[in-house]
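For reference, the structure discussed in these notes is given below.
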Amino acid sequence: MIQIKNYINGNLVESVSRQWLDNIAPATGKIYSQLPDSDEQDVAMATQAAKAAFSTWSNLSAEKRGDFLIEISNRILKKLDFLAHAESMDSGKPLWLAKQTDIPRSASNFKFFGTGIQHFASESHYMEETAINYTLRRPIGIAGCISPWNLPLYLFTWKIAPALAAGNTVVAKPSELTPLTAFYLSEICKEAGLPPGVLNIVHGLGAKVGASIVKHPEIPIISFTGGTKTGEEIARTASPMFKKLSLELGGKNPFIVFNDATMEDAVNTAIRASFTNQGQICLCGSRLFVQHEIYETFKNEFLKKVEAIQVGNPFDEKNFMGALVSKQHLEKIESYVQLAKEEGGKILTGGYRVKLSGEFNEGYYYRPTVIEGLSFQCRTNQEEIFGPVVTLQPFDTEEEVLEYANSTMYGLASSIWTNDVKRAHRMAEKIKTGIVWVNCWMLRDLRTPFGGMKSSGIGREGGWEALRFFTEPKNVCIKL
Ligand code: NAD
């Protein structure tokens with residue numbers, strides 16, 4: 001049984017209370033590790049360590065901080081297979097996906113910000129013959145970083161790397177459902193010689209550890225990725241304390257296919273956008289809008305490919321989909337499919353659990369599911385399901401599809417398929433999402449602003465946006 005430890009002041013330690021939580025492998029439904037059930041005492045110790053480390057870390061040159069981050073990046077890559085296996089075991093995601101995306105991207109996050117900080121510059125505003133202003137950007141203090149279970153190490157490091165690069169120290173909490181690779185990251189940081197207290201990782205439940213980080217008076221910055229409801233709760237605590245907040249929340253993303261789209265590309269990408277990581281990516285396209293003329297052709301091609309998807313043991317490379325993250329999440333997916341039926345939806349394919357044999361017979365598997373015949377306003381089309389369930393809806397005009405696409409409270413990402421450049425520009429301008437992909441999906445350049453509008457969040461991550469978030473700008477005006 002693996003025993004996960006907190007990483008506080010450079011040491012791997014149990015929680016103060018010595019209580020543990022069970023960690024279940026979604027592929028088998030069996031307990032295979034334990035994590036500390038930490039509370040505010042552990043967060044207080046981590047914050048104390050981060051406070052003590054701040055002065056030295058923030059005064060290191062950007063180059064020296066960058067070197068530590070690049071060293072961590074290299075060490076992640078050296079352990080790629082080991083970490084990918086752990087990620088797959090912990091989350092139920094296919095091993096091929098963890099190897100191809102999660103772990104390489106975690107290494108890139110450290111490398112990107114470790115090098116980026118060395119090029120980071122601030123603005124200067126010259127007032128002719130009067131004065132010169134310059135913006136001094138300095139690290140703020142301790143950053144609280146809280147991340148979800150769907151892309152565990154990938155999203156955890158996406159926050160930690162820019163916070164550290166900018167010169168802050170960090171108290172971080174991974175999801176209690178997927179703590180394993182964050183634990184291995186603490187071992188990597190120790191091996192890389194990261195000074196004690198610079199990064200502290202506290203494991204446990206959101207309501208205890210997460211909430212303690214958010215309300216701690218000595219943590220002035222909170223970077224959170226997770227559900228919109230949790231984001232609301234965090235904002236309620238952090239806003240009156242005037243903390244700097246970045247919230248990356250839920251989505252209900254439209255995937256829009258016009259008559260003139262290249263059909264094969266659109267169908268293949270719709271498969272990836274709908275079902276990669278069992279549909280558990282905030283950027284997944286869960287509402288597929290297809291223009292009338294090509295609706296039936298698209299539907300038939302799409303369904304053929306959905307039915308060919310193999311679901312099963314995440315360690316078997318032939319399976320495109322593995323297990324859902326938890327029993328509770330599986331039950332949530334089932335309840336939404338039930339709701340879709342009650343709302344008058346027709347299940348075109350899927351809509352049921354997959355029962356495997358042998359050691360996987362208690363795992364959380366679900367067939368990719370496609371539903372049609374629902375109104376764009378119904379709950380199935382308005383609420384985030386966050387699983388392998390998508391709806392298909394026909395449309396006639398640009399205006400109509402914009403109304404459908406923009407009708408939810410979310411505004412994270414969209415994918416638009418057309419070969420008409422003017423239409424692509426018109427749609428990109430009018431659609432209310434923070435990220436617009438045209439003839440592609442999840443093509444990521446780490447320099448671009450990443451985040452959502454409306455209930456999908458506040459602020460942007462990525463590139464200079466992240467480094468600006470993790471620094472405090474101060475205008476200095478010098479009279480000439
Ligand atoms: P969640 O909100 O339940 O949990 C996210 C993290 O917050 C976990 O570490 C959890 O322990 C912690 N937490 C829970 N309650 C807390 C509280 N009261 N105070 C502080 N922390 C608390 O989300 P989840 O189920 O882990 O993740 C799925 C959600 O994340 C989906 O809604 C998905 O869309 C969203 N997500 C968004 C993005 C994005 O970039 N916008 C990326 C990935 C996932």
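FYI, it's all coordinate maths here, none of it is from the lab. Everything quoted here is computed from the prediction, not taken from an experiment. Heads up, the Cβs are rebuilt from the backbone with ideal geometry, glycines too, and the neighbour counts pull from every protein chain shown.
If I model a spin label as a point 7 Å beyond the Cα along the Cα-Cβ vector, how far apart are those points for LEU12 and LYS479 in nm?
Modelled inter-label distance: 6.0 nm.
Would you tally the net charge around VAL16, using a Cβ to Cβ cut-off of less than 14 Å, leaving VAL16 out, and scoring K and R as +1, D and E as -1?
Counting the neighbours of VAL16, the net charge comes to -2.
Separation between the GLU191 and ARG236 pseudo-spin-labels, each 7 Å from Cα along Cα→Cβ, expressed in nm?
4.3
Taking +1 at the Cβ of each Lys and Arg and -1 at the Cβ of each Asp and Glu, which of LEU392, ALA143, GLY10 sits farthest along the dipole of the chain towards its positive end, judged by Cα position relative to the Cα centre?
The listed residue farthest towards the positive side: GLY10.
Along the positive direction of the dipole of the chain (beta-carbon charges: Lys, Arg +1; Asp, Glu -1; about the Cα centre), which of ASN300, GLY350, GLN278 reaches farthest?
Final value for the positive-end residue is GLN278.
Going by amide H atoms built from the backbone, whose H comes under 5 Å of the H on THR349, apart from near neighbours?
For THR349, whose amide H was placed from the backbone, the distant partners under 5 Å are VAL370.
Figure the gain on full extension for GLN19 and ARG272 (residue separation times 0.36 nm, minus the Cα-Cα span) and round it to one decimal in nm. Walk me through the numbers on the way to the answer.
On the way: separation 253, 0.36 × 253 = 91.08 nm, distance 4.02 nm.
Answer, rounded to one decimal: 87.1 nm.
Grab the Cα-Cα distance for LEU77 and TYR134, subtract it from 0.36 nm times how many residues apart they are, and report the gain in nm with one decimal.
Details: separation 57, 0.36 × 57 = 20.52 nm, distance 3.89 nm.
16.6 nm is the gain from fully extending LEU77 to TYR134.
Counting only residues 5 or more places away or on other chains, whose amide H sits under 5 Å from the amide H of ASN439 once H atoms are built in the peptide plane?
ILE416, TRP417, THR418
Please list 3J(HN,Hα) in residue order for segment 97-103, calculated via the Karplus relation 6.51 cos²θ - 1.76 cosθ + 1.60 where θ = phi - 60°; whole Hz, with x for glycine and proline.
Once θ is set to phi - 60°, the couplings for segment 97-103 become 6, 4, 6, 7, 10, 4, 6 Hz.
Take the Cα pairs of segment 66-144, get the Kirkwood Rh, then feed it into Stokes-Einstein at 10 °C and 1.306 mPa s and tell me D in µm²/s.
Stokes-Einstein gives a translational diffusion coefficient of 103 µm²/s.
To the nearest 20 debye, what charge dipole does segment 305-397 have about its Cα centre, counting +1 at the Cβ of each Lys and Arg and -1 at the Cβ of each Asp and Glu? Please report the intermediate quantities before stating the final value.
On the way: 10 positive and 13 negative charges, 31 e Å.
Here the size comes out at about 140 debye.
Per residue of segment 54-61, what does 6.51 cos²θ - 1.76 cosθ + 1.60 with θ = phi - 60° give for ³J(HN,Hα)? Whole Hz please, x for Gly and Pro, Karplus curve as stated.
4, 4, 5, 5, 6, 9, 5, 5
Amide H of SER286 versus every other amide H placed in the peptide plane: which residues, excluding those fewer than 5 positions away on the same chain, fall under 5 Å?
Amide H to amide H, under 5 Å and 5 or more residues apart or across chains, SER286 pairs with ASN253.
I want to make sure I understand the PRE zone here: with the label point 7 angstrom from the Cα of GLN3 toward its beta carbon, which residues in segment 31-72 have backbone N atoms less than 16 Å away?
Under 16 Å, as judged by backbone N against the label point of GLN3, lie 32-38 of segment 31-72.
Within segment 253-445, how many Lys pairs sit with Cα atoms under 20 Å apart, leaving out pairs fewer than 8 places apart on the same chain?
Value for segment 253-445: 13.
Using 7 Å Cα-to-Cβ label points, what is the ASP445/GLN100 separation (nm, one decimal)?
About 2.3 nm, to one decimal.
Which part of segment 107-148 falls in the paramagnetic zone of GLU472, meaning amide N under 15 Å from the point 7 Å along Cα-to-beta-carbon?
Counting backbone N atoms under 15 Å from the label point, the list is 136-144.
Please compute, for the alpha-carbon atoms of segment 253-445, the extent along each of the three principal axes and give them in descending order in Å.
Each principal axis gives a Cα extent; for segment 253-445 these are 54, 35, 31 Å.
Looking at the chain from every direction and averaging, what is the projected area of its Cα convex hull in nm²?
One quarter of the hull surface, i.e. the mean projection, equals 23.6 nm².
Translational diffusion coefficient of segment 351-421 at 4 °C, 1.567 mPa s, Stokes-Einstein with Kirkwood Rh over Cα pairs, in µm²/s as a whole number. It would help to have the intermediate numbers written out before the result.
Numbers: Rh = 14.9 Å.
The estimated diffusion coefficient comes to 87 µm²/s.
So if each residue of separation counts as 0.36 nm, and I subtract the Cα-Cα distance between LYS318 and GLU399, what length gain in nm does that give? If you can, show how the numbers build up before the last one.
Values: separation 81, 0.36 × 81 = 29.16 nm, distance 4.11 nm.
Length gained, LYS318 through GLU399: 25.0 nm.
Size of the dipole of segment 116-223 about the Cα centre, Lys and Arg at +1 and Asp and Glu at -1 on the beta carbon, nothing else charged, in debye to 20? Intermediate values should be presented prior to the final figure.
Working: 7 positive and 7 negative charges, 83 e Å.
With Lys and Arg at +1 and Asp and Glu at -1, about 400 debye.
FRET efficiency for TRP464 and SER55, Cβ-Cβ distance as r, R0 = 35 Å, nearest 0.05? Write out the running numbers ahead of the final one.
Working: r = 25 Å, r/R0 = 0.72.
About 0.85, to the nearest 0.05.
Residue by residue through segment 10-17, what is 3J(HN,Hα) from phi via Karplus (6.51 cos²θ - 1.76 cosθ + 1.60, θ = phi - 60°)? Round to whole Hz and write x for glycine and proline.
Coupling constants for segment 10-17: x, 10, 9, 10, 6, 6, 4, 6 Hz.
Starting with the highest mean, order 75-85, 156-166, 333-343 by the number of other Cβ atoms within 10 Å, averaged over the residues of each peptide.
Ranking the peptides 75-85, 156-166, 333-343 by packing returns 156-166, 75-85, 333-343.
Using a simple charge model, +1 on the beta-carbon of Lys and Arg, -1 on the beta-carbon of Asp and Glu, nothing else, what dipole does segment 333-480 show about its Cα centre, in debye to the nearest 20? Mind dumping the intermediate values first?
Working: 18 positive and 19 negative charges, 119 e Å.
Value, rounded to 20: 580 debye.
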